[in-house]
1. Can you name the number of the only condition in (1) in contact (Cβ under 8 Å) with a residue 24 or more places away in the chain; (2) within 29 Å of Asp208 (Cα to Cα) that Met284 fails?
2. If you take the residues of region 107-138 that are surrounded by 15 or more Cβ atoms within 10 Å (Cβ to Cβ) and in contact with a Pro (Cβ under 9 Å, 6 or more places away or on another chain), which of them is farthest from Arg166 (Cα to Cα)?
3. Conditions: (1) surrounded by fewer than 19 Cβ atoms within 10 Å (Cβ to Cβ); (2) among the aliphatic types (A, V, I, L, M); (3) within 30 Å of Thr19 (Cβ to Cβ). Val219 meets all but one. Number of the miss?
4. Could you tell me whether any residue of region 229-248 is among the acidic types (Asp, Glu), at pLDDT below 95 and farther than 24 Å from Arg188 by Cα?
5. Name the one entry in Leu172, Leu183, Leu176 that is within 18 Å of the chain's Cα centre (by Cα), within 21 Å of Leu141 (Cβ to Cβ), at pLDDT below 90 and not charged (D, E, K, R).
6. Working carefully through the options Gln153, Gln68, Gln97, find the one that is modelled with pLDDT of 95 or more and either outside any loop (DSSP other than H, G, I, E, B) or surrounded by 14 or more Cβ atoms within 10 Å (Cβ to Cβ) (or both).
7. Please enumerate the residues belonging to region 31-58 that are farther than 16 Å from Val14 by Cβ, in contact with a helix residue (DSSP H, G or I) (Cβ under 9 Å, 6 or more places away or on another chain) and either modelled with pLDDT of 95 or more or part of a strand (DSSP E or B) (or both).
Amino acid sequence: MSARDQRITAPAIVIEHLTKRFGDNTAVDDVNISVPQGSFLVLVGPSGCGKSTLLRMLAGLEPPTEGQISFGGKVVSSGASGVETNAAARDAGLVFQSYALWPHKTVEGNIDWPLKVAGWSRQKREERINEVLKFLDIGALRQRYPAEISGGQQQRVAIARTIGPRPGILLLDEPLSNLDAKLRVDMRSELMRIHRGTNATSVYVTHDQVEAMTMATHVAVLRDGRVEQFGPPDELLLKPKTTFVATFLGTPAGNLIPVIRNGDEFEFDGCPLARAAIAPDLKMAQLLYRAQDITVGKRDGRPTIKATYAESAPIAGQSMVMCLIRDLRVTALVDGFFRAEPGAEIDLCFLNEPDAVFDGDGRRVTQ
């Protein structure tokens, strides 16, 4: 197999034992990910989990402390050997959260500059500028300066500048965070169209799990610098490996009910919820219930627990009902519109068996 064929068949990105320390703080901790060609990988997690640091290492803006990164089978960064390919030579483009447009250059000038630095001829640059302006529908902005256009338009220009040189890998650092809610939804579809149109492998950083589940072919959930779980979005949603993933992903997120074994049953607050046979080796467990598996009101033969009503929110003809069982927050799904007086006592009914069982350390113990 030729070197070119190896690059084509190799994963677009391979991250092996990647670690980044800043003094005594470990921002990225032994990350291992293999990303297929053409994927849309989303790095998702709470603030401070290491996702932006990981993206900066992919872009060549931060060297790793340990481990290595390969693009298309070629090592571009290694903490052990000291290999550190220049950011401009990685065949990767980065869209910053702040857009980072040159304020003294027009839209055309912002797109032109990276092509000029890369050594493109004037004719080729002009052709490519026309292509990306049309592709992103910003031709009318050609001679305007960043201060003269809206935030959404600035974002399109930043993307146009990044895809101009046709990078094989497109890196996006929370590019929608500065936009209003409606524009964020519109731009999600636009970014997916751009991903398909460029044939690039995309890596997208966000703390918004809705963006992650909407856009990704693959998701890496990060927590404290480590990858909690990696895989297709439906796999993470349906088969979370840890309680963190189970409660971080999904709208609404899953409910975790702590239970104690009493004979043949797992009980919560004296109420039997599930057969102990589902996790026979555990004396204590955490049961995962989806919101659709819990409703308000009693049902014959189904376990019911008293709770305190907090609030509700309409969603697609149903209501997400949030309530408290002492300090435990639980979300149920009710058909139609539901409202009660805050602080009122309501009955929560568990309609089905738990979706999964986790041990005391938050690890899944059922298939």
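1. Unmet for Met284, out of (1) in contact (Cβ under 8 Å) with a residue 24 or more places away in the chain; (2) within 29 Å of Asp208 (Cα to Cα): (2).
2. If we take residues in region 107-138 being surrounded by 15 or more Cβ atoms within 10 Å (Cβ to Cβ) and in contact with a Pro (Cβ under 9 Å, 6 or more places away or on another chain), then Val107 is farthest from Arg166 (Cα to Cα).
3. (1)
4. For region 229-248, residues among the acidic types (Asp, Glu), at pLDDT below 95 and farther than 24 Å from Arg188 by Cα: absent.
5. Details: Leu172 fails: at pLDDT below 90; Leu183 fails: within 18 Å of the chain's Cα centre (by Cα).
Of the residues listed, the single one that is within 18 Å of the chain's Cα centre (by Cα), within 21 Å of Leu141 (Cβ to Cβ), at pLDDT below 90 and not charged (D, E, K, R) is Leu176.
6. Working: Gln153 fails: modelled with pLDDT of 95 or more; Gln97 fails: modelled with pLDDT of 95 or more.
After ruling out the rest, the residue left standing is Gln68.
7. So the first thing to find is which residues in region 31-58 are farther than 16 Å from Val14 by Cβ, and the list is 40, 42, 44-53, 56.
This time we only want the ones that are in contact with a helix residue (DSSP H, G or I) (Cβ under 9 Å, 6 or more places away or on another chain), so: 40, 42, 44-46.
Hits for region 31-58 are Phe40, Val42, Val44.
For every residue, the table says whether it meets (1) under 18 Å from Gly250 (Cβ atoms); (2) among the hydroxyl-bearing types (Ser, Thr, Tyr); (3) in contact with an Asp or Glu (Cβ under 9 Å, 6 or more places away or on another chain).
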| position | (1), (2), (3) |
| --- | --- |
| Lys298 | no, no, yes |
| Arg329 | yes, no, no |
| Glu341 | no, no, no |
| Ala356 | yes, no, no |
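The values are calculated or read from the model by the stated rules, or taken from the named source; none is laboratory data. Keep in mind that this is a model prediction, so the values were computed, not measured. Ideal geometry is used to build each Cβ from the backbone, glycine not excepted, and the neighbour counts take in all protein chains shown.
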